[in-house]
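A quick write-up on the structure given underneath.
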Amino acid sequence: MPMRLAWAAALLALSALLPLAGRPTHAATPLVGDVNGDCAVNILDLSMIARRYLTAQGSLLYAPIYDLNGDGVINILDLQIVAARMGTRC
């Protein structure tokens, strides 16, 4: 059983290094909450942040673009920013 856990941990670590579908390719977005850069704040942005929920600086899944309030942790506060701007467009 410990060997299976080691493999699972290794696969999880490696998967964080692979490109993620919808990962932004730009440095900054003009619309707060639009993390995927499609010029709309919607469920796609919310789900991209939720995928990294409770990751912090130093974590493999942490990326500053998803930490909307810049506190070093992707959490409910970041999700609230997106939820408050849901439906806005460029």
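Rule-based calculations on the coordinates, nothing more; no lab input. Note that the coordinates shown come from a computational prediction; the quantities given were computed from them, not determined experimentally. So basically every Cβ, Gly included, is an ideal-geometry build from the backbone, and we count neighbours across all protein chains shown.
If each residue of separation counts as 0.36 nm, what is the full-extension length gain between ALA84 and TYR53 once their alpha-carbon separation is subtracted?
Numbers: separation 31, 0.36 × 31 = 11.16 nm, distance 1.74 nm.
Difference between extended and current length: 9.4 nm.
What order do you get for ARG85, ARG51 when you list them from fewest to most C-beta neighbours inside 10 Å?
If I rank by nearby Cβ atoms, fewest first, I get ARG51, ARG85.
Quick one: TYR62, TYR53, fewest Cβ neighbours within 10 Å first, how do they rank?
Lowest count first: TYR53, TYR62.
Starting from the coordinates of the alpha-carbon atoms of segment 26-90, obtain the Kirkwood hydrodynamic radius over all distinct pairs and give the value in Å to one decimal.
11.5 Å
Given an 8 Å cut-off on Cα distances and at least 6 residues of separation, report the relative contact order of segment 26-90 as a percent.
Dividing the mean separation by the residue count of segment 26-90 yields 38 percent.
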